[in-house]
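Only one structure is covered here, and it is reproduced in the block below.
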Amino acid sequence: MTEAEEGASTILVPRRSASPYLRVIELDGIAHLNGQLPYLDGAVPYAGTVGGGVSAEEAEECARLCALNVLGVIQQELGGLERVRQVLRITGYVACVPGFDGLPAVMDAASAIFVEHLGERGRHARTAIGVAALPRNSPVEIEVTVALHSAERAG
């Protein structure tokens with residue numbers, strides 16, 4: 001079992017970027033989180049494309065890490081998981097070789113993390129997209145939109 005698998009249920013402290021974008025935008029009770037890569041201890045554990053050096057199982061591990069980083073952003077930026085009223089949508093990007101048809105299984109790993117940590121509030125609509133490349137040569141990236149309770153109600 002890898003270090004990532006051992007800590008698969010532990011919400012991660014997400015990496016901060018020096019880029020000039022925001023990690024989350026909250027407007028009218030909806031939070032749009034920026035794309036999260038599968039950082040673990042400041043590094044992406046696998047590099048490359050699924051089917052071209054990265055196995056489907058490694059991509060699933062990356063998807064779980066992406067989801068755990070999303071939960072970490074929610075904790076840090078939005079005041080905690082109790083603010084999440086409902087995960088609305090996940091868009092998952094998988095860097096893969098042409099013809100790779102395991103996109104849903106890779107994204108199922110991320111979806112399961114949201115349900116594990118948020119129960120029914122973690123169920124969501126989802127899209128999985130195969131792409132040629134992702135930032136930092138990551139095999140997976142996810143972006144998430146959530147509906148929020150007001151900060152007063154959560155606190």
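Here, each number is a calculation from the coordinates, and none is a lab measurement. Nothing here was measured: the structure is a model prediction, and the numbers come from that model. All Cβ positions, even for glycine, are placed from backbone atoms using ideal geometry, and neighbour counts span all protein chains on display.
Can you say what percent of the DSSP beta bridges in region 70-150, counting only those with both residues inside, are antiparallel? Round to 5.
Numbers: 9 of 16 bridges.
Roughly 55 percent of the DSSP beta bridges within region 70-150 come out antiparallel.
Ranking of Leu33, Leu148, Leu22, Leu68 by neighbouring Cβ atoms within 10 Å, starting from the fewest: Leu22, Leu148, Leu33, Leu68.
Tally the DSSP beta bridges in the chain and give the antiparallel ones as a percent, rounded to 5. Kindly include the intermediate steps, with their values, before the conclusion.
On the way: 20 of 30 bridges.
Around 65 percent antiparallel, to the nearest 5.
The angle between the Cα long axis of helix 103-118 and the main principal axis of the chain comes to about 30°, on a 0 to 90 degree scale. Rounded to the nearest 10 degrees, the inclination of helix 56-78 to the longest alpha-carbon principal axis of the chain is 20 degrees.
Counting alpha carbon pairs within less than 8 Å and at least 6 residues apart, what relative contact order, in whole percent, applies to the chain? Display every interim value, and only then the final one.
Working: 309 pairs, mean separation 51.7, N = 155.
Here the relative contact order equals 33 percent.
With the convex hull of the Cα atoms taken as the outline of the chain, the averaged projected area works out to 8.7 nm².
Shown here: region 94-155, whose C-alpha atoms stretch 47, 22, 15 Å along the first, second and third principal axes, sorted largest to smallest. For Ala133 and Glu82, the FRET efficiency from 1/(1 + (r/R0)^6), where r spans their Cβ atoms and R0 equals 35 Å, is about 0.45.
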